[in-house]
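Quick notes on the structure that follows.
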Amino acid sequence: MPTSSASTTDSARSSANGGVQSLERAFDLLERMADAGGEVGLSELSASSGLPLPTIHRLMRTLVACGYVRQQPNRRYALGPRLIRLGESASRLLGTWARPYLARLVEETGETANMALLDGDEIVYVAQVPSKHSMRMFTEVGRRVLPHSTGVGKALLAGFPPEEVRALLSRTGMPAATEKTITTPDGFLAALEDVRRQGYAIDDNEQEIGVRCLAVPVPDSPTAAAISISGPAGRVTEAATGKIVPVLQQVAGELSEALASQSPA
């Protein structure tokens, strides 16, 4: 009789959609750890995932051995440093995919176009196409900023529950970049309500005096992402906003479809 012990283990058993079950479970645990702030206990993972503790312990032991998770002195588990390399490579690739869409934004609006992600509690810029104007905005790709003073930060956090936004703000603080920066949680939550009502976010001299930014989220992005245009306040006026926002929303939708096409069916 042929042996079948290998085929009955999680590592070789396929789920209904054709994936390997243990691999799917491992990635699910990593995502749950990220959602929990990057550090969790086994009992928390068991409660949120519904998996038995022995299964979680076995999967975590493998992830620790591979460097994707590390065990803390307090016996809790944290996301490991090896994930940083994967994340940085994925961010660069995402920025590469976005560049043609940002170039179209520049062509149609005349202003610098950016793409940014929410990475932990910070905003990180992953792509930019500069305006052709001699006076233009420039944000270095890879730059990290706090969400509360940026248009992309507002666009991204508008989709989060208020309690999660308050928790993030309590961790980061709300330092003033300019005299117009929103520096209270209540004020920021009110601004997010405006974003949800209007369908776009505004940074009105809040990150840098003399600069205005308009931003929208990328719908159904595999990771929380937003695109924006930024320019001198004298060009990105209220009148210009009415023309720019529909272009931003259209390009965000097209970028969303392009990113979805890169994902497995």
Practice task
Would you check if there is a residue in the range 182-193 being at pLDDT 95 or above, under 24 Å from residue 35 (Cβ atoms), under 17 Å from the mean Cα position of the chain (by Cα) and outside any loop (DSSP other than H, G, I, E, B)?
Solution key: yes
Exercise for the section: Could you check how many residues of the range 217-251 are crowded, with 23+ Cβ neighbours inside 10 Å and either free of Cβ contacts under 8 Å to residues at least 40 places away in the same chain or more than 17 Å from residue 107 (Cα to Cα) (or both)? Expected result: 4
Practice task
Restrict the check to the range 92-103 and report whether at least one residue is over 17 Å from residue 221 (Cα atoms) and either modelled with pLDDT of 90 or more or open to solvent by 30 Å² or more (accessible area, probe 1.4 Å) (or both).
Solution key: yes
Problem - Among (1) under 30 Å from residue 169 (Cβ atoms); (2) at pLDDT 85 or above - the single one residue 37 does not satisfy - result: (2)
Fill in the blank from the handout: Checked against (1) charged (D, E, K, R); (2) in a helix (DSSP H, G or I); (3) more than 16 Å from the chain's Cα centre (by Cα), residue 140 satisfies every condition except (2)
Fill in the blank from the handout: Over the range 37-46, the set of residues free of Cβ contacts under 8 Å to residues at least 60 places away in the same chain and surrounded by 12 or more Cβ atoms within 10 Å (Cβ to Cβ) is 37, 39, 40, 41, 42, 44, 45, 46
Handout entry: Tally, over the range 129-152, of residues that are farther than 20 Å from residue 38 by Cα and free of Cβ contacts under 8 Å to residues at least 60 places away in the same chain
Key = 11
Problem - Qualifying position, being closer than 29 Å to residue 23 by Cα, in contact (Cβ under 8 Å) with a residue 40 or more places away in the chain and not charged (D, E, K, R), among 86, 63, 79 - result: 79
Completion exercise
Condition set closer than 14 Å to residue 24 by Cβ and among the hydrophobic types (A, V, I, L, M, F, W, C), scope the range 47-61, selection surrounded by the fewest Cβ atoms within 10 Å (Cβ to Cβ): answer is 51
Practice task
Within the range 70-83, identify whether any single residue is over 30 Å from residue 234 (Cβ atoms) and either among the aromatic types (Phe, Trp, Tyr) or buried (at least 20 other Cβ atoms within 10 Å of the Cβ) (or both), and answer yes or no.
Solution key: yes
Problem - Filter result for residue 162 (more than 21 Å from residue 228 (Cα to Cα) and not aliphatic (A, V, I, L, M)) - result: yes
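The values are calculated or read from the model by the stated rules, or taken from the named source; none is laboratory data. No experiment lies behind these values; they were computed from the predicted model shown. All Cβ positions, glycine included, derive from the backbone under ideal geometry; neighbour counts span all protein chains shown. Heads up: the accessible areas ignore ligands, DNA and RNA and are worked out on the full protein's heavy atoms, side chains in. Shrake-Rupley method; radii C 1.70, N 1.55, O 1.52, S 1.80 Å.
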